[in-house]
Every structure is written in C-alpha cells, then in structure tokens.
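Please read the structure below before turning to the comments.
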Amino acid sequence: MILVSSCLAGLEVRYDGHHSLNENVRKLVEENKGVTICPELLGGFLTPREPAEIVGGDGGDVLDGKARVIERSGRDVTEIYIKGAYNTLDKAIEIGVTIVVLKENSPSCGSSMIYNGEFTGKRIWGNGVTSALLKRNGLRVISEKQFAEDSF
Ligand code: SF4
C-alpha cells in the first residue's frame, strides 16, 4: 500500500482550498492501492488556511529545533506542523506502507524542494517537516514527479 498526499488525489485540502490533482496518483487511489493523507489537516489545520513556509532551514531542521514554520502574517505554527508529521508517521506505520508519494514544494510534504521562507516564490533544496520525519524513520518518500517516472 502507498500513502499519498490528499491534494494529489484531487481532494481540495490545500491552504487555498484547491487541489493539486495528479492523474497517476488519483488512479492509484481509485484502484485501492493508495491511501490519502494530509499532514496539515492531521496537525489540526482547517481548509482554507494561511500559507506557511519554513524559516531558517528545512523540515529536518524544524524537527531538530533549529528552524520554525511561520505563516505569512507571522504566526509561528511549528508545533502544528510537527504534530501533523507525527500523526502521519503513526498512520504510515499502522497501514504498513513503505513508499509515500507527497506533493513537492510543500512545507509539510516537499521531499526535495521547499520554498525558502521569504514568501517570494523562490525554492531551495530540502524536505518538508513530514517528509523529513518519514525519511528518518526509514520510509521511502518521493514526489509526484518521481512517481510518474518510476514504475510501481
Ligand atoms: Fe497537500 Fe501535503 Fe499540503 Fe496537505 S499538507 S494540502 S497533502 S501538500
């Protein structure tokens, strides 16, 4: 079983109330090979919500207490992101997944790129908070782009 970002499967859970539909991921869920998850909703956020970015590093740095997750208006939401990450890890273990397909660029789900914390649209290499935690616990986390390129 593969765990996937809910927004990639077409669910309107993004901060702006939209989805990030990826047809390959939706097909996976329709064939009952994929289970949807949204770490930010699992952390306690609602949709819509303010956009947030990691300031001072990436998701691994957030887990180590060296960086914070900040909303555009300045509110520190680090603890909600960490809670969402741990709740996602619990679900991954419960289901017994080994591969996770998460939405690139998100401060939760990015697995190689995230925004740089300045809300300017610039990206840097790094993991989101959930991706960092899942990788540290031995799960293979890939983006929707890698998923399209690989065969499962
Ligand atoms: Fe999609 Fe992940 Fe953001 Fe939820 S937290 S909306 S699954 S990118």
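The values are calculated or read from the model by the stated rules, or taken from the named source; none is laboratory data. Everything numeric in this text was worked out from a predicted model, so none of it was measured. We place every Cβ from the backbone using ideal geometry, glycine too, and count neighbours over all the protein chains shown. To get the accessible areas, we keep the full protein, side chains included, count just its heavy atoms, and leave off ligands, DNA and RNA. Shrake-Rupley method; radii C 1.70, N 1.55, O 1.52, S 1.80 Å.
Structure values in brief
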quantity	calculated
19 Å Cα-Cα reach of LYS91 towards lysines, excluding residues that sit fewer than 8 places from it in its own chain	LYS33, LYS83, LYS103, LYS135
At most 12 other Cβ within 10 Å, DSSP loop - trypsin sites (Lys or Arg not before Pro), segment 5-50	LYS33
Candidate residues MET1, MET113: accessible-area rank, largest first, probe 1.4 Å	MET1, MET113
Efficiency of FRET from Cβ geometry, ASN105 and LYS27, R₀ 35 Å, rounded to 0.05	0.95
Reach of LYS27 by Cα under 18 Å, taken over aspartates and glutamates that are not fewer than 8 positions away in the same chain	GLU12, GLU144, GLU149, ASP150
Paired Rg and Dmax values of segment 1-87, which use every Cα atom, in angstrom	14.0, 41
Positive-end residue, segment 70-152 charge dipole about Cα centroid, Cβ charges, pick of GLN146, VAL101, ASN127	ASN127
Rg to Rh quotient for segment 2-149, alpha carbon positions, Kirkwood Rh	0.94
For the chain, share of DSSP beta bridges that run antiparallel, in % to the nearest 5	40 percent
